[in-house]
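Only one structure is covered here, and it is reproduced in the block below.
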């Protein structure tokens, strides 16, 4: 059985938010190359993390050598977004 090695997140930063002027925004992040990330959202920054909602289609593996990645999200009200590194120990089969 081949060994699977997953990269842990060392960097987790929101670099910019660009308004597309069509009801969507591009969130640009910098992470760790080959690390797994997803984005969660909430209208309340003080809400416990376990109540934040994962953003649909936000799970990815950073393939850019500089760790850069982006996600287009809808801008339909007051929302806060946070990128999270996925713990390789919590792998879902």
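The values are calculated or read from the model by the stated rules, or taken from the named source; none is laboratory data. Computed from a prediction, not measured in an experiment: that's the story for all the values here. Glycine gets a Cβ as well: all are built from the backbone with ideal geometry, and neighbour counts include every protein chain shown.
Any idea which residue in segment 1-33 is nearest to residue 65 (Cα to Cα), counting only those that are modelled with pLDDT of 85 or more and surrounded by 16 or more Cβ atoms within 10 Å (Cβ to Cβ)?
To start, the set of residues in segment 1-33 that are modelled with pLDDT of 85 or more comprises 13-33.
So of that shortlist, the ones also surrounded by 16 or more Cβ atoms within 10 Å (Cβ to Cβ) come out as 25, 27, 29-33.
On the way: 25: 24, 27: 18, 29: 13, 30: 10, 31: 10, 32: 8, 33: 6 Å.
Ranking the qualifying residues of segment 1-33, first place goes to 33.
Looking only at segment 43-65, which residues are surrounded by fewer than 10 Cβ atoms within 10 Å (Cβ to Cβ) and in contact with a strand residue (DSSP E or B) (Cβ under 9 Å, 6 or more places away or on another chain)?
Matches in segment 43-65: 45, 49, 51.
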